[in-house]
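Visitor: The structure's right below; bear with me while I get my questions together.
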Amino acid sequence: MTYVVTETCIKCKYTDCVDVCPVDCFREGPNMLVIDPDECIDCTLCVAECPVEAIFAEDDVPDTQREFIQINAELSKAWPALIEKKDAPPDADEWAQQKEKKQLLEK
């Protein structure tokens, strides 16, 4: 099993999770993060660090977010590793409250 970043991360892109990852499995895209399932060691540390609750164990991903399992797997192969915490976008708090952002995902 691996962990999956879901829709809630889109346009928020908080990187608190990156700081606690012992294996550097996070990848950074234009407006969200994903987890490389081949690198994730299932340590669970990132889950508690995500301020918007966007990270789930693969088996616990809500039905409406299941497509993000494949999105993480695909995009993690194309996006660069993120190994240290960065400042969130200035409007991250506003976007954190938004639902249904899948159409805003920039690949």
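What follows draws every value from the coordinates through simple rules; no lab data is involved. Quick caveat, the model's predicted, so the values are computed rather than measured. Neighbour counts are summed over all protein chains in view; Cβ atoms, including those assigned to glycine, are modelled from backbone coordinates with ideal geometry.
Visitor: Would you tally the residues in the range 11-20 being in contact (Cβ under 8 Å) with a residue 40 or more places away in the chain and over 13 Å from Leu105 (Cβ atoms)?
Guide: Final tally of qualifying residues: 5.
Visitor: For the range 69-107, name all the residues that are closer than 14 Å to Thr15 by Cβ, in contact with a strand residue (DSSP E or B) (Cβ under 6 Å, 6 or more places away or on another chain) and in contact (Cβ under 8 Å) with a residue 60 or more places away in the chain.
Guide: Leu82
Visitor: In addition: Out of all the residues in the range 53-87, which are closer than 17 Å to Cys21 by Cα, among the aliphatic types (A, V, I, L, M) and crowded, with 17+ Cβ neighbours inside 10 Å?
Guide: Correct list: Ala54, Ile55, Leu82.
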